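Notes follow the structure.
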Amino acid sequence: MAEPVTSFSRPRVLSGMRPTGKLHLGNYMGALANWVRLQDQYECYFFIADWHALTSDYADTSQIVQNTQDVMLDYLAAGLDPARTVLFLQSKVLQHAELNLLLGMITPLGWLERVPTYKEQQENLTGKDLSNYGFLGYPLLMASDILIYQPQFVPVGNDQTAHVELTREVARRFNQFYKLNGEEVLPEPKVLLTPSPKLPGTDGRKMSKSYGNTILLTDPEAEVRKKLKTMVTDPARVRRTDPGDPDKCPVGDLHKVFSTPETLAKVYEGCRSAGIGCIECKGWAADALVQVLNPIQERRAQYSSKDVKDILEDGSDRARVRAEQTMEQVRAAMQLTPGSQTGR
Ligand code: TRP
Ligand code: SF4
């Protein structure tokens, strides 16, 4: 028999993404596909970090609502299931902001300044002035997002592990200062590292929105085939008669991730013997991508924008209940509010 939706016996996980626009295959393979699998074994909280979009894009907020809608549709299309998983929007759970404020009191500035992404991004995103308080506080807001659900695990990619490490340090510091009836309130969550295969974009570099080399989860078949046609290949294969090496070719990397063993064998054999042409080989890669994208796009088509709004609303209500539960413990441990809060 199926487990009840509100089974609290499973370990809890929480993760989220910033709403930066429609998601691509790299997002899918690097995070979403893994989240979908986690739904079977964990009590899952997945959210859209719309406040986090403001930490660097505060000057132009015009895209946030549309991007949130798009990302949520991509979550659902990928197979995140609102019946089993809490899908919510950060800005609809004000408790994140309250915890962020309280944790801000105990977080040494130096901890934030030495988060590696802080200096890197400030130097890299030269078009924006990032010498603001919100940008410095990004990792602490993330720590609040996490700790407020008291999860055991945070499924993220390698680029986020420093943030989870800071989260653990902040939790430890909180637990040293404050206890509730002698017990710790904020457990230290662990990274659940997402196993993610190397996924190249059409230019051979890592697939990333900022490189403009992505294949979107929403790209129709014709668009996928078109993008594949211009994808870079093994530079040693200049002419059709030159042999190539799939291990030195981004298209070969796509085959390794998405193609069947039989197709992969044909690719290795045909490429190394110059028995196949790159156009044919790319056609097979496109076939494999389309196979992955088809069910995603079919699922996407089943949700209206009203459905998406309702699901976010409902998920945020559920998240708020859970977040408030933690906040009651946090306030009590900090001896902030004798008695209960009203009007929440
Ligand atoms: N920083 C994450 C990213 O850029 C997004 C994020 C915000 C997040 N809060 C989080 C991820 C909490 C996991 C847990 O991808
Ligand atoms: Fe790449 Fe395929 Fe061309 Fe070989 S045949 S170089 S694997 S595209």
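If R₀ is 30 angstrom, what is the calculated FRET efficiency for the pair ASP81 and THR161, using the beta carbon separation as r and rounding to 0.05? Efficiency, from the Cβ-Cβ distance: 0.65. Centroid-to-centroid, using Cα positions, segment 268-317 and segment 200-231 are 11 Å apart. Taking 25 Å as the straight-line reach from the Cα of LYS179, the lysines in range (excluding those fewer than 8 positions away in the same chain) are LYS190.
Taking trypsin sites (Lys or Arg not before Pro) across segment 166-199, the ones in a DSSP loop with at most 14 further Cβ atoms lying within 10 angstrom of their Cβ are LYS179, LYS198. Angle of helix 161-177 to the longest C-alpha principal axis of the chain, folded into 0 to 90 degrees and rounded to 10: 10°. Cα centroid separation, segment 8-86 to segment 160-187: 24 Å. Loop-only trypsin sites (Lys or Arg not before Pro) in segment 217-271, please: DSSP not H, G, I, E or B, and at most 14 other Cβ atoms within 10 Å. For trypsin sites (Lys or Arg not before Pro) across segment 217-271 that sit outside H, G, I, E and B with at most 14 neighbouring Cβ atoms in 10 Å, the list reads ARG239, ARG240.
Axis angle, to the nearest 10 degrees, between helix 64-78 and the longest C-alpha principal axis of the chain: 70 degrees. Pairs of Cα atoms nearer than 8 Å and 6+ residues apart set the relative contact order; for segment 219-298 it is 33 percent. The slack in the chain from GLN335 to ARG300, taken as 0.36 nm per residue of separation less the alpha-carbon distance, amounts to 7.9 nm. Across segment 148-157, computed HN-Hα scalar couplings (Karplus, 6.51 cos²θ - 1.76 cosθ + 1.60, θ = phi - 60°) run 5, 9, 6, x, 7, 9, 10, x, 9, x Hz from first to last residue, x flagging Gly and Pro.
Over the chain, what number does the Rg to Rh ratio reach, with both radii from the alpha-carbon atoms and Rh per Kirkwood? Rounded to two decimals, Rg over Rh is 1.03. For THR263 and VAL232, what does the FRET efficiency come to when R0 = 25 Å and r is the distance between their Cβ atoms, rounded to the nearest 0.05? My answer for the efficiency is 0.80. Please report the net charge: other residues with Cβ closer than 10 Å to the Cβ of GLN122, K and R +1, D and E -1. Result for the local shell: -1. Treating r as the C-beta distance of ARG205 and GLN291 and R0 as 22 Å, the FRET efficiency rounds to 0.35.
Stretched out straight at 0.36 nm per residue, the stretch from GLU280 to THR241 would grow longer than its current Cα-Cα span by 12.7 nm.
Over 22 Å apart at the Cα level, from the set LYS22/LYS248; LYS22/LYS309; LYS226/LYS306, are LYS22/LYS248; LYS226/LYS306.
Distance between the modelled labels on LYS198 and ASN132, one decimal in nanometres: 3.8 nm (7 Å Cα→Cβ projection).
Report, to the nearest whole %, how much of the accessible area of segment 203-307 belongs to carbon and sulfur atoms, 1.4 Å probe, protein only. After summing per-atom areas, the C and S share lands at 54 percent.
For the chain, the longest principal axis of the alpha carbon atoms and the long axis of helix 261-272 meet at an angle near 50°. Summing charges over all other residues whose Cβ lies under 13 Å from the Cβ of ALA319, with Lys and Arg as +1 and Asp and Glu as -1, gives -1. Pick from ALA265, ALA33, ALA162: which is most flexible by mean-square fluctuation in a GNM of the chain where alpha carbon atoms under 10 Å apart are linked? Among ALA265, ALA33, ALA162, the largest GNM mean-square fluctuation belongs to ALA265. Modelled spin-label separation between LYS179 and GLN121, with each label point placed 7 Å from Cα along the Cα-to-Cβ direction: 3.6 nm. For segment 219-298, the fraction of C-alpha pairs more than 18 angstrom apart is 36%.
The values are calculated or read from the model by the stated rules, or taken from the named source; none is laboratory data. Everything quoted here is computed from the prediction, not taken from an experiment. Neighbour counts run over all protein chains shown; Cβ positions are idealised from the backbone, glycine included. Only protein heavy atoms, including side chains, enter the accessible area calculation; ligands, DNA and RNA are left aside. Shrake-Rupley method; radii C 1.70, N 1.55, O 1.52, S 1.80 Å.
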